[in-house]
1. Residues being open to solvent by 10 Å² or more (accessible area, probe 1.4 Å) and either within 8 Å of chain B (Cβ to nearest Cβ) or within 12 Å of B:Val143 (Cβ to Cβ) (or both): count how many of those fall in segment D:250-264.
2. Within the group D:Val136, D:Val206, D:Val151, which residue is under 30 Å from B:Gly29 (Cα atoms) and in a loop (DSSP other than H, G, I, E, B)?
3. Within segment D:84-95, count every residue that is open to solvent by 20 Å² or more (accessible area, probe 1.4 Å) and not acidic (Asp, Glu).
4. Can you name every residue in segment D:298-309 that is surrounded by 24 or more Cβ atoms within 10 Å (Cβ to Cβ) and assigned to a loop (DSSP other than H, G, I, E, B)?
5. Counting just the residues of segment C:142-169 that are touching a Lys or Arg at 6+ places or on another chain (Cβ under 9 Å) and hydrophobic (A, V, I, L, M, F, W, C), which one comes out nearest to C:Lys215 (Cα to Cα)?
6. Would you mind stating whether C:Glu87 is facing chain D (nearest Cβ under 9 Å) and surrounded by fewer than 17 Cβ atoms within 10 Å (Cβ to Cβ)?
7. Identify the single condition in (1) of a type outside the set (A, V, I, L, M, F, W, C); (2) open to solvent by less than 40 Å² (accessible area, probe 1.4 Å); (3) within 11 Å of another protein chain (Cβ to nearest Cβ) that D:Thr537 does not satisfy, given that it satisfies every other one.
8. Could you grab the pairs with beta carbons closer than 8 Å, sequence gap of 6+ or different chains, first residue in segment D:51-74 and touching a residue at least 40 places away in the same chain (Cβ under 8 Å), second one charged (D, E, K, R)?
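The values are calculated or read from the model by the stated rules, or taken from the named source; none is laboratory data. Quantities reported herein were computed from a predicted structural model and do not represent experimental measurements. We place every Cβ from the backbone using ideal geometry, glycine too, and count neighbours over all the protein chains shown. Protein only, heavy atoms only, side chains kept; ligands, DNA and RNA dropped before computing areas. Shrake-Rupley method; radii C 1.70, N 1.55, O 1.52, S 1.80 Å.
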Amino acid sequence: MMNENVEQHNAHGGFPWKHVIGLILSLALTLIALWIVVSYSFSTTFTLASIIILAIFQALIQLLFFMHLNESKSRVWQIIAIGFGFFTAATVVVGSLWIMAYSL
Amino acid sequence: MSSVASNQSNKPYEPLEYSTEDGRLRILGFWIFLGAEIVLFSCLFATYLVVHSHTAGGPTSKELYDVKEFMIETFLLLISSFTCGLGTHELRRHNAKGIIIWLIITLLLGLGFIYMEVNEFVKYATEEGATVGRSAFLSGFFVLVGTHGAHVSLGILWMTSIIIQLAKRGVTAVTARKVFIVGLYWHFLDVVWIFIFTAVYLTGMVL
Amino acid sequence: MKRLTLKSLGVLALFLVFLTGCTNKVAVLNPQGPVAKQQYDLIIWSFILMAIVVAGVLIIFIYVLVRYGRKNSKGYDPEDEGNAKLEALWTIIPIIIVILLAVPTVKTLYGLEGPPKPANATGKKVEPITIEVTSVDWKWLFRYPKQGIETVNYAVIPEDTPVKIKLKAIGAMNSFWVPELAGQQYTMPNMPMNMWIQADHPGDYLGRSANFSGKGFAHMSFHILAKKDANFDAWVKDVKANKPALTMEKYKKLLEPDIAGEMTFSSYPKVLDKKDAAMEQHMNNDDMEGGMNHDSGH
Amino acid sequence: MIADIKAFLSDFLVLGDPLIYGADISIVLSMVAIVFVLSYFKKWKWLWKEWLTTIDAKKIGIMYIIAALLMLFRGGIDALLMRSQITFPNEGFLDSQHYNEIFTTHGTIMILFMAMPFIVGMMNVAVPLQIGARDVAFPYLNALSFWLFFVGAMLFNLSFVIGGSPDAGWTSYTPLAGAKLDPGPGENYYLIGLQLAGIGTLATGVNFMATILKMRAPGMTLFKMPMFTWSSLITSLIIVFAFPVLTVALALLTIDRLFGAHFFTIASGGSPMMWANLFWIWGHPEVYIVILPAFGIFSEVISTFSHKKLFGYKAMVWSMVLISALSFVVWLHHFFTMGNTAAVNSVFSISTMAIAIPTGVKIFNWLFTLNKGRIEFSTAMLWALAFIPNFLIGGLTGVMLAIAPADYQYHNSYFLVAHFHSVLIGGTVFGMFAALHYWWPKMFGHVLNEKLGKISFWIFMVSFNICFLPMYFVGLMGMTRRMYTYPEGLGWMPLNVVITIGAFGMGIGFIVMVYNIYWSARYGKRDKTGDPWGGRTLEWATTSPAVEYNFAHIPKVETADAFLHMKEKGTTGQISKAPFKPIHMPNNSGKPFIQAWLMFFAGFGLVFEWYWLAIPAAAATMLVMAFRSFEYHDHHYIPVEEIERTESATGRLN
């Protein structure tokens, strides 16, 4: 029991690997997204789909590496809150675009 | 605070911000609030995307957006999110000085971002005649990006107040919770920016 | 509790009276064309299903109240807390009812997109006519692009002929509703939309705006007069010969927010035809006054 | 100079209408009377210390409920004025403009300033007690929520005497509600009043989610929670994810109107349809926000007065969860007639019908809770029982409206009006009345008179049906909502006369209820036991009204219906058993009250575009928030002696 505590404590004490990895990943994903767009070498559909997927990955990196979404005792509720938020957000955006399609 | 649980007990390691009932409640409450914020921004995104092509003869997104500008803004925010995360990292080591240093760096990066954004808006308005009242597209653009900018500005004020409290009181269960929550807020604004970067700027270059 | 039951039964009876008896005043239940008829059929079908549900629930409701009400405590079981079979049953029944409703709903929705099928006995295909309907604060403009005439607050249509209605709005949003001929559709500024109506018999069908549009809204009613083919042609001829032309000046006057009576014009400014979308956009833009004078075409 | 002042006043005040002059006078008189009574009885300090600065959820709940009843009165008067105007064809009692203002304020007030605070009030009164907590998670925020709602309601109501009421309907559809077709402060009042109240509601949602998720008594797992608590949790969840949409919609229209943006204008590419889209993305979940807590109340009341466990507890919970998710994917059914493709209308038709499935499950579970019960026809129970057939009619006509092609015929007609009143009155209002009678002793320590309660129930319930059932038919006859008059010869008059009679009957029922409140306060039976109904859940375990800290010892929960279980085991005394420990409680604070009123003035400034008022008031608001952030001594401990004193005063100490 004690050992585990010490280990956990150390994980918080040493070099912030988690944050550095998070930063590198998010910079990389940003640059990939930019490259996909400015290279103009892909179809519009592919470009849009891939940058959206990259954005979702980036959001997950922030949530997990920087925001510690899954660390507290109420992690289930935190995940449900953020998950329901994303569900509603997706419904709002996709639904609105579909409904308003003929005025786009 | 009498109810601060100490970490010397046999309980598994628990960060200070979670050590009181009040702290745990507020952190959960803030996560729920962030869920609401996701929906709030999603409505602005939906509106922007619906009116994106409604330029009413005014400037279009392709004409306005400048890669160099929005990339610098993006990097400023991404790095500030990282430095803010290092603040939380120092928080876990109960190092008040470390927290303050990283938060101040975060603030400076945030100010840089706001400076860039204000410049961008002023440039659009003066050089291209692109104001909020020019077309539906521009209304959508300014209000979506502006709402994010207002959030960042508010975050700067808030973080400043917390740095002062931290300097006055050191790392306690209460200040720890405050630092953690303002960190959540800051990272969240980065998440929103990622989507603005993608759905507004990058998409605006394509469509 | 008995009173409740009686009342509910009374309501049901009342509804049946409406369904069978004096339906000519109940416009929705008195369809006079194939479009309204399709909608009416769905209404009746849904009403039958709903009536079955009402009957089922009320029977159980009355039974439990009578059986376990007041001092009658025989069979009292405070621990009775569930029954998987029953619960499955009343999950499945609503699902079935929803399916029974959803299938004809979707079918009808797709059916309403095109012109109505010929309803007359001969079954011959009739060439549709087109009317452009514009809601203006607070009146209805009917334009016959092929015939070149324009009317206000009433329209004449030939019977048994599909009529394509092109809906537009200048100013506030309204809704075009002639319950005996077809369900409604909104009229939206800068967003032209289509719908179909058709009358089986000659007659005078009352329509009105169903979406609130400001002070004069309550007065936005109109008549659709269905006539026999020959009479329709005669009407057109008569209008062409005897009615005044709609000048630009008069048209501008019509667009001002006010209520109006019925009017008939033998022609309308051709410029409205050509640059219809642009003109409409223009009217909806900020400067109503004088805006018509300078050309706004592309 | 004098001419300038005159011109200003004629814009600022609503002049020329005797009805409004009468209202002006009665408002001034009642304010004078309130000030006089408070001064004469030296109650100012009491008002400030006990109510305006309280952060006790029970008291905040009571303030919500009082506000809701006042708003019910105002919205009801609006309704009666409307009915008076359209009883007969071609009446001239109200002109078009006045009628438009009245139906706008009626709808807005009833949904946002009557139903919402009623529900939030009941949540404040009952939820902390039901889960065995001492207060909500964030008591300070809770007070701020209330005051934001309150100043929002006040700002909205002010429009009626200063500047003119909004007149574009409670849905405020653009372009009609835009600056071009509807200039002036009326719509601004709508936008900003709702904005303030909406932010308060959003905070309430966050607060109650955290409260219910984290502050339950030990042993109370999720599936041992009382059903009202469950419904409050689900409602809070919907609030959290739906209200931001309202915030955005209102903000965008405000920006359109005040700063010349083009979101919903017709000019410069604006999309009026987007308003309807955003409004109903919020608006449909809102319907479930106001109905689900009523469902929870019916579950409590039906179980209590059948003296029986709730039938199908888990099915009840899961159907609410399903409803909460479905409520976010059906909004288009409010504008089927906006020319969408068959594919769009089909999908939203089916998703809407699907809501009938979980709702049907709930109805049958209530029926089977009654089954094998020992039904006691108390007033609260009568409201709950009447709900079943009345809501059934409303729900089933809702399914009929979900059929898009049929909706083309019902939409915006009185059929629709009848439908949503059937569900909102037959569901929400009946639910709130049931709750009022059920929890009244817990709030005030005395029981409402049963005989008067039953009289008001029968008058109101029968009148409700006389009022709304004919509306279905008058709708099928082609009468649309929001018509301030109609011509003769359409055959609409007889039914309209009946409807008006019903409406006034409901007014009489309400007056009897108010009289009952007065009578019971003076002569009603005092509730000494804290458990007047043979209750099953923890709110009945404490005194009536509950002491400041709710429970001297937090109860330990083993089963659902926790209090019933405690009574059976004979462990109810443990809540008040010495020795006690000091109890940690938050301090009262005047800041929420002050902040909310600063926001009121900021809002009032925006309504008239007086930025010299709006900007300083908004800055002052930020300052109050900063002060709050630096406040560290915001709680205290109730010493053991005081707890002993309180507990022995209630006669419970053992």
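1. Start the filter on segment D:250-264 by keeping residues that are open to solvent by 10 Å² or more (accessible area, probe 1.4 Å), which leaves D:251, D:254-260, D:262.
Then keep just the ones that are either within 8 Å of chain B (Cβ to nearest Cβ) or within 12 Å of B:Val143 (Cβ to Cβ) (or both); that gives D:251, D:254-256, D:259-260, D:262.
Of the residues in that region, 7 qualify.
2. Working: D:Val206 fails: in a loop (DSSP other than H, G, I, E, B); D:Val151 fails: in a loop (DSSP other than H, G, I, E, B).
Exactly one residue qualifies, and that residue is D:Val136.
3. As a first pass, look at segment D:84-95 and keep what is open to solvent by 20 Å² or more (accessible area, probe 1.4 Å): D:84, D:88-93, D:95.
This time we only want the ones that are not acidic (Asp, Glu), so: D:84, D:88-90, D:92-93.
Of the residues in that region, 6 qualify.
4. Within segment D:298-309, D:Lys308 is the sole residue that qualifies.
5. Only one residue fits best here, namely C:Val152.
6. On the way: facing chain D (nearest Cβ under 9 Å): yes; surrounded by fewer than 17 Cβ atoms within 10 Å (Cβ to Cβ): no.
No, not satisfied.
7. (3)
8. These pairs meet every condition: D:Ile55/D:Asp135; D:Asp56/D:Asp135; D:Asp56/D:Glu548; D:Ala57/D:Asp135.
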